[in-house]
Amino acid sequence: MEKIIRPSARLSGAITLPGDKSISHRYAILASLAEGTSRIANYSTGADCHSTLGCLRNLGIGIDVDSATVTILGKGLDGWTAPSQDLDAGNSGSAMRMLAGTLAPQPFRSRLIGDESLTRRPMGRVIEPLTLMGASITARDGKFPPLEIDGRPLHSIDYTLPVASAQVKTCVLLAGLFCEGETVVRETIRTRDHTEVALTQFGAYITVNKRVISLEGRPKLLGRDLIVPSDLSSAAFFLVAASIVPGSSLLLRGVGLNPTRSALLDFLLSAGAQIRIVNFEHTAGEPSGDLQVSYSAIQGGVIEGEVAAALIDEIPVLAILGAVSENGLIVRDARELRVKETDRIATVLDNLHRMGIEAEELPDGMRIPGRQKFHAARVDSFGDHRIAMAFAVAALIADGETAIENAEAASVSFPEFYDLLSQSTCTAAP
């Protein structure tokens, strides 16, 4: 699908974004392992999170979806049944890595598959700790999907994450639910803690001491009624858009503000963005609030080290911000971008160049000078949802109509994106 995006005069009004993807995945999986019914309001509408629901259905879990409310009939830790077909994670690396942790200790065989993009994404980082726990997993070339899992009893582990990855941490902790004794995960760099929060909400006994997470195995999880806050990663596109389109003032309602996700707001504020948090509240351990963002003079900055790990998903749209900032943007220590849905370093640079932006590719990032102007062009998502949405934001400040090829990729995480962008945008006069 080709999408035409026209320049914007300003962004204004108030919008509500879909539920957080990271939290939605975790709530669904834990609800299926809990005893009793869970109702999850504002569940993510993205295809990725619905791939998780599809896999759970194939594991014998009753699930009802009514708009953005998902009802899951949990069967307890030992309630999953052998699937009659392959478990399709679609485009979702999160679904595949998390489900691998819960499938490895099951008393049956299973096979996790995904789309063409997912089959190129490395799974060795979850295969390694699961194998240390006693799992039997076969993968293409030892690390790529599909994953053939021969379920068997696992033992607890004390594991130090070799890379900063909330998905790997989650995989190990989910596997640890089925083990006798204590499973310990140690982080060298702090990652988002939605799994720890969700486990606590469902009744697991888990402790966190700085960067050491300890989980007691074989807990009795109980079904819960939960509300998923709106997705901060989805909000990133609107936060950047309203910051760079002159005259903009936009309110984003009920956005998740988990402290382990604060790097995005911290970076934007340090770069000069005008963002205020209003109506702050806590729901089931997850903080949220309304974000008021206005056009401002952006200075730019440097993303590296722990900040690069924390902002890895937002770097594509921050590259757009960097190009129009006063001092530009430098990204280092972001080699993880190479193994996302696309090589996001290459695809961001490709589209920037198409729109007349000077940018330099680095082995682990990019260097983008500031004070540049975007020109209308034909860009390509390359099938990557974040690339599609990032360059829709760039198109708002281009000098004419921009065409985005394969624009439908946005539906993987944010089906409402183009409608909400149109709703909040006042098109510039020709």
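The values are calculated or read from the model by the stated rules, or taken from the named source; none is laboratory data. Keep in mind it's a predicted model, so treat the numbers as computed, not measured. Backbone-built Cβ (ideal geometry, glycine too); neighbour counts: all protein chains shown.
Listed by first and then second residue, the pairs linking a residue in region 78-103 that is in the same structural domain as Gly114 (by TED's automatic domain parsing) and touching a residue at least 40 places away in the same chain (Cβ under 8 Å) to a residue that is basic (Lys, Arg) and in a loop (DSSP other than H, G, I, E, B), with Cβ atoms under 7 Å apart and 6 or more places separating them unless they lie on different chains, are Gly93/Arg121.
For residues in region 248-298 being acidic (Asp, Glu) and modelled with pLDDT of 95 or more, which is surrounded by the fewest Cβ atoms within 10 Å (Cβ to Cβ)? My answer is Asp266. Scanning region 307-323 for residues that are buried (at least 23 other Cβ atoms within 10 Å of the Cβ) and not aliphatic (A, V, I, L, M), we see that the one that is farthest from the chain's Cα centre (by Cα) is Gly322. The residue list Leu11, Leu30 contains one member that is outside the structural domain of His375 (by TED's automatic domain parsing) and of a type in the set (A, V, I, L, M, F, W, C), which is Leu30. Scanning region 291-305 for residues that are within 20 Å of Gly365 (Cα to Cα) and hydrophobic (A, V, I, L, M, F, W, C), we see that the one that is nearest to the chain's Cα centre (by Cα) is Ile303. Leu173 - would you say it is within 25 Å of Glu35 (Cα to Cα) and out of contact with any Ser or Thr (no Cβ under 9 Å at 6 or more places or on another chain)? Answer is no for this residue. Within region 315-363, the set of residues being in contact with a Ser or Thr (Cβ under 7 Å, 6 or more places away or on another chain) and under 24 Å from His375 (Cβ atoms) comprises Leu321 only. Number of residues in region 347-366 that are of a type in the set (A, V, I, L, M), more than 17 Å from Ala308 (Cα to Cα) and in contact with a Phe, Trp or Tyr (Cβ under 9 Å, 6 or more places away or on another chain): the value is 3.
Residue count for region 59-72, restricted to those that are surrounded by fewer than 19 Cβ atoms within 10 Å (Cβ to Cβ) and under 21 Å from Ala135 (Cα atoms): 0. Counting the residues of region 73-89 that are within 22 Å of Gly114 (Cβ to Cβ) and buried (at least 21 other Cβ atoms within 10 Å of the Cβ) gives 3.
Taken over region 360-376, the criterion of being surrounded by fewer than 23 Cβ atoms within 10 Å (Cβ to Cβ) and not in a strand (DSSP E or B) is satisfied by Pro363, Asp364, Pro369, Gly370, Arg371, Gln372, Lys373, His375, Ala376. Among the conditions (1) over 20 Å from the mean Cα position of the chain (by Cα); (2) crowded, with 17+ Cβ neighbours inside 10 Å, Ile345 misses just one, which is (1). Within region 61-88, being of a type in the set (A, V, I, L, M, F, W, C) and either over 18 Å from Ala31 (Cβ atoms) or in contact with a Lys or Arg (Cβ under 6 Å, 6 or more places away or on another chain) (or both) holds for Ile63, Ala82. Does Arg121 satisfy being basic (Lys, Arg) and either surrounded by 21 or more Cβ atoms within 10 Å (Cβ to Cβ) or at pLDDT below 95 (or both)? Judged against the criteria, Arg121 is a match.
Here is a yes/no grid of residues against (1) out of contact with any strand residue (DSSP E or B) (no Cβ under 6 Å at 6 or more places or on another chain); (2) more than 28 Å from Ala297 (Cα to Cα); (3) modelled with pLDDT of 95 or more:
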| site | (1), (2), (3) |
| --- | --- |
| Leu321 | yes, no, yes |
| Asp343 | yes, yes, yes |
| Arg354 | no, no, yes |
| Glu361 | yes, no, yes |
| Arg378 | no, no, yes |
| Ala395 | no, no, yes |
| Gly400 | yes, no, yes |
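How about region 324-339: which of its residues are in a loop (DSSP other than H, G, I, E, B) and either of a type in the set (A, V, I, L, M, F, W, C) or surrounded by fewer than 22 Cβ atoms within 10 Å (Cβ to Cβ) (or both)? Residues satisfying the conditions are Glu326, Asn327, Gly328, Arg332, Asp333, Ala334.
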